[in-house]
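This report refers to the structure that appears directly beneath it.
The values are calculated or read from the model by the stated rules, or taken from the named source; none is laboratory data. These numbers were taken from a predicted model, which means no experiment stands behind them. Quick reminder, even Gly has a Cβ in these numbers, built from the backbone with ideal geometry, and neighbours come from all protein chains shown. In case anyone asks, the SASA skips ligands and DNA or RNA and just uses the protein heavy atoms, side chains included. Shrake-Rupley method; radii C 1.70, N 1.55, O 1.52, S 1.80 Å.
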Amino acid sequence: MNLLSISEQKMWEPALDKNSSKQTITQITDWQLTQKYQSQEGRILLETNREKLPSFVESLKKPGYMKLQPFYQRRPCWDEKKKSRLIESFLINIPVPPIILYETSYNSYEVMDGQQRIIAIRDFYNNNLILTGLELWPELNGRTYKELPSSIQSGIDRRSISSIAIINESASDDETALFLKQQTFERLNSGGVDLTPQEVRNCLYQGEFNSLLMELSQHPIFVKAWELPHNDSEFQKNRNSLYQKMEDVELVLRFFALRHVDNFRKGLKEFLDLYMMKSLQFSVTDILELKAIFEKTIALADRIYGINLFKPFDSKSQSWSKRRYKAYYDAVMVGLSRHLDRADLLINCQEKVIASTKKLFDQEDSRLLTGEGKTKADIQKRIKLFDDMLSQVIAE
């Protein structure tokens with residue numbers, strides 16, 4: 001099954017109950033509670049600031065001052081209209097929520113909440129934002145900052161952005177610092193725009209494995225197969241829903257997690273969450289081995305299926321589908337990963353593999369290959385269908 005010798009084989013072993021030795025609430029006296037509060041344990045130190053917009057933009061240019069996209073932030077996703085509406089809010093003096101920062105070292109910050117607002121303000125003052133979609137000031141649509149009348153420029157320049165910074169001294173060690181970030185992030189987003197499951201994972205489970213998922217989501221074969229943005233074009237990124245919602249990264253995670261489908265529990269989302277949590281124990285060596293498995297598997301898949309990679313076969317029209325399916329991707333990738341030791345044989349038998357793949361879609365259970373069925377049994381059957389087909393080709 002190409003599992004790692006130590007980490008992946010042990011990752012599903014039951015964990016010890018870390019809460020077993022903790023005091024219960026009834027065991028803590030009022031005096032102890034008072035002492036805890038007075039010692040400021042579990043309390044966050046804050047610093048507030050209010051800065052005029054031009055000064056704020058200048059401060060962003062300082063090296064190391066503000067990291068716009070730390071590990072828990074989503075990819076930039078505001079379009080020109082949303083950015084423009086924020087500028088209109090400043091113009092008509094509608095209150096704008098403060099940005100939330102985390103001080104990583106003295107006068108250096110990570111953005112915990114407000115990334116999109118900061119980018120919009122920066123783009124506006126750098127004349128990279130052409131105003132569009134304004135409702136109260138439609139006369140300004142089509143203009144950049146430098147093209148506005150000087151009186152309107154001056155009016156916007158008088159507006160301020162507020163920030164609240166969590167001070168570094170709030171945490172006594174790195175583990176506590178991560179916990180504070182997680183708690184703050186979760187509570188900030190509990191009433192805001194819903195994050196996608198992978199954006200939440202990207203927030204909560206930092207580490208080498210999460211970085212690997214981001215890296216592999218940019219693999220040339222993967223990018224081409226899923227028609228992902230392959231350059232810095234904001235137009236491309238804003239049009240691609242897989243990229244915007246980090247579903248491309250989730251697809252890479254699905255490959256790694258569903259290789260352990262026998263340990264599947266609850267729903268797919270919960271199982272992916274669990275794998276991410278357990279991935280925090282992976283070593284650098286583990287990460288390199290996992291990377292190699294993915295790269296070998298997707299290269300083999302591409303060598304066999306080419307332009308029809310991850311596209312099901314329509315037995316009625318006798319043609320390959322025009323779209324790719326996540327469920328079929330799961331079956332192809334996990335199935336092939338189980339036979340990497342016979343990769344050369346499968347490549348030599350490419351025509352047989354393709355012919356056998358077409359026959360798969362004549363079977364009654366072929367509906368599972370295009371996503372029908374969400375239970376553990378359905379997912380196991382989906383992967384087994386493809387795995388058994390490969391095994392049969394190898395045995396012939």
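How high is the FRET efficiency from Glu58 to Met214, r the C-beta distance, R0 35 Å, rounded to 0.05? Write out the running numbers ahead of the final one.
Values: r = 31 Å, r/R0 = 0.87.
The pair Glu58/Met214 has a calculated efficiency of 0.70.
Taking a straight line from the alpha carbon of Lys316, these aspartates and glutamates sit under 16 Å away, with near neighbours fewer than eight places off in the same chain left out: Asp362, Glu364, Asp365. Based on alpha carbons, the Rg and Dmax found for region 243-296 are 11.6, 31 Å.
Excluding Lys326 itself, what net charge comes from residues whose Cβ is under 15 Å from its Cβ, given Lys and Arg +1 and Asp and Glu -1? Summing Lys/Arg as +1 and Asp/Glu as -1 gives +2. Under a Cβ-Cβ cut-off of 14 Å, what is the net charge of the residues other than Ser154 that fall near it, where Lys and Arg count +1 and Asp and Glu count -1? In short, +3. Approximating the spin labels as points 7 Å out from Cα along Cα→Cβ, the Glu135-to-Asn49 distance works out to 3.3 nm. Ranked by the mean number of other Cβ atoms within 10 Å per residue, highest first, peptides 138-144, 285-291, 381-387 order as 381-387, 285-291, 138-144. Between Asn263 and Arg323, the simple label model (points 7 Å from Cα in the Cβ direction) yields a spacing of 3.3 nm. Counting only protein heavy atoms and a probe of 1.4 Å, the accessible surface of region 253-382 is 48% carbon and sulfur.
At a Förster radius of 22 Å, what calculated FRET efficiency corresponds to the Cβ-Cβ distance of Asn128 and Ser151, to the nearest 0.05?
0.45
Over 18 Å between Cα atoms: which of Lys269/Lys376; Lys291/Lys311; Lys311/Lys359; Lys269/Lys374 fall into that group? Flagged as over cut-off: Lys291/Lys311.
With a cut-off of 13 Å on the backbone N, the residues of region 361-383 near the modelled label site 7 Å out from Gln392 along Cα-Cβ are 361-366.
The length gained on full extension between Asn348 and Thr34, counted as 0.36 nm times the residue separation minus their Cα-Cα distance, comes to 105.7 nm. Seen from Gly335, the other residues with C-beta closer than 13 Å to its C-beta sum to a net charge of +3, counting Lys and Arg as +1 and Asp and Glu as -1. When nucleic acids and ligands are ignored and a 1.4 Å probe is applied, Phe313 ends up with an accessible area of around 20 Å².
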